[in-house]
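Here's the structure we're looking at; comments come further down.
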Ligand code: KIV
Ligand code: ZN
């Protein structure tokens, strides 16, 4: 089995389904171009039957994409699938993604028996495959679907010509050990499994989406579905930046790799935050404002001596220029000396001691001491001297 993990980004489909995260046509094209440029393997560009706007965005992205596979979502019916094909067919590498909810709760909605649903899956995947060589099947709510029926749906989809089989944890219910076991068992027991790629699509309701996606890879999945900043319905989807950086930083225990250019992560994270209107939480892994910031004296001192003391990734790996030493009440003398030196002030030890006392007084009053505050402090100091 290959060690390459395909990255399938669904920021423009599942991400955009976050209430309030709607993006304009131009913004969607811009984000798709950034995803294409950073080495994302598959871009799920939208749900073409959902609206004229979604159709136009998927078609526009399909025409513009240079490298990535362009995928559209469709429910398991011929009308959705045909509309999806009309939008993605312009792509150099098009994909149709079709799905139905297979768990008992989801089967009750269209009120289909297991046999009727099995027949629907066969017919729809066959129909999609007659239009497009690259077809992805998803058994929605797979992690709450009875094992026998899940296996049956997967085998039918493979027999009908699906090339990727997605096993969604639609409501973020599964735990990492189950996520790995489920994929491992499907690959071991489903007829035809070795002919297709298994995908993992996790939601973050219990905060386990990243762990579940990586566990699924351990179990044999070779496509991770994710979004920038973990954007997505409810608590969101697996965050692209987290799985990609985890694979890079912990290659020692997870010998798999993606082809994403990690240096482009920060730029797209900021752009998605702006266009979606969903700011990134300060302490968010990889892309949060504080992910590479240090305030406490012990940490700052360690960082100044050897960055590996408190950082497991280099900020440049994700496209930042440098670590930020935030000056505040927890900062120590070493950080103050280094910051002042950056600002052009080289102080003797006794001068630094004086300034340090005044800096601490200021830091007690202010949450963060900015460069302008330090310059003002130095000017006052010069005036006193
Ligand atoms: O979460 C989910 O199950 C989905 C499917 C449409 C793949 O987003
Ligand atoms: Zn989803």
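The values are calculated or read from the model by the stated rules, or taken from the named source; none is laboratory data. What you see is a predicted model, and the numbers here were worked out from it, not measured in a lab. Because the Cβ atoms are built from the backbone with ideal geometry, glycine has one as well, and the counts that use them run over all protein chains shown.
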Residues that are modelled with pLDDT of 90 or more and out of contact with any helix residue (DSSP H, G or I) (no Cβ under 6 Å at 6 or more places or on another chain), drawn from the stretch 313-326: 314, 315, 316
Hey, could you check the stretch 102-114 for residues that are within 13 Å of ligand 1 (Cβ to nearest atom) and part of a loop (DSSP other than H, G, I, E, B) and say which is surrounded by the most Cβ atoms within 10 Å (Cβ to Cβ)? 102
Could you tell me whether any residue of the stretch 166-176 is without any contact (Cβ under 8 Å) to a residue 60 or more places away in the chain, away from ligand 1 (no atom under 16 Å from the Cβ) and over 20 Å from residue 107 (Cβ atoms)? yes
Going residue by residue through the stretch 249-259, is there one that turns out to be part of a helix (DSSP H, G or I) and closer than 23 Å to residue 166 by Cα? no
Where in the stretch 290-385 are the helices (runs of 4 or more DSSP H), entirely inside, with at least 2 residues that are without any contact (Cβ under 8 Å) to a residue 12 or more places away in the chain and farther than 30 Å from residue 265 by Cα? 349-365, 371-384
Before we move on, is residue 202 in contact with a helix residue (DSSP H, G or I) (Cβ under 7 Å, 6 or more places away or on another chain), touching a residue at least 60 places away in the same chain (Cβ under 8 Å) and not in a loop (DSSP other than H, G, I, E, B)? no
Subset of the stretch 157-181 (residues that are more than 16 Å from ligand 2 (Cβ to nearest atom) and buried (at least 24 other Cβ atoms within 10 Å of the Cβ)): 157, 162
Taking the stated definitions as given, is residue 211 under 15 Å from the mean Cα position of the chain (by Cα), without any contact (Cβ under 8 Å) to a residue 60 or more places away in the chain and more than 16 Å from ligand 2 (Cβ to nearest atom)? yes
Would you be able to say whether some residue in the stretch 197-209 is away from ligand 1 (no atom under 15 Å from the Cβ) and more than 19 Å from residue 2 (Cα to Cα)? yes
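Could you list all residues from the stretch 353-385 that are farther than 29 Å from residue 289 by Cα and surrounded by 13 or more Cβ atoms within 10 Å (Cβ to Cβ)?
354, 381, listed by residue number.
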Tell me, please, whether a residue that is surrounded by fewer than 16 Cβ atoms within 10 Å (Cβ to Cβ), under 25 Å from residue 67 (Cα atoms) and in contact with a strand residue (DSSP E or B) (Cβ under 9 Å, 6 or more places away or on another chain) can be found in the stretch 258-281. yes
Is it the case, given these coordinates, that residue 182 is out of contact with any strand residue (DSSP E or B) (no Cβ under 9 Å at 6 or more places or on another chain) and within 16 Å of ligand 1 (Cβ to nearest atom)? no
Could you tell me whether any residue of the stretch 1-8 is over 14 Å from residue 134 (Cβ atoms), touching a strand residue (DSSP E or B) at 6+ places or on another chain (Cβ under 9 Å) and within 16 Å of ligand 2 (Cβ to nearest atom)? yes
Counting just the residues of the stretch 224-235 that are surrounded by fewer than 23 Cβ atoms within 10 Å (Cβ to Cβ) and at pLDDT 95 or above, which one comes out farthest from ligand 1 (Cβ to nearest atom)? 235
For the stretch 17-36: of the residues being surrounded by fewer than 24 Cβ atoms within 10 Å (Cβ to Cβ) and within 23 Å of residue 210 (Cβ to Cβ), which is nearest to ligand 1 (Cβ to nearest atom)? 17
Residues being touching a strand residue (DSSP E or B) at 6+ places or on another chain (Cβ under 7 Å) and surrounded by fewer than 24 Cβ atoms within 10 Å (Cβ to Cβ): count how many of those fall in the stretch 37-61. 3
Please state which one of 143, 126 is crowded, with 20+ Cβ neighbours inside 10 Å and in a helix (DSSP H, G or I). 143
Of (1) within 13 Å of ligand 2 (Cβ to nearest atom); (2) touching a residue at least 40 places away in the same chain (Cβ under 8 Å); (3) assigned to a loop (DSSP other than H, G, I, E, B), residue 221 satisfies every one except (1)
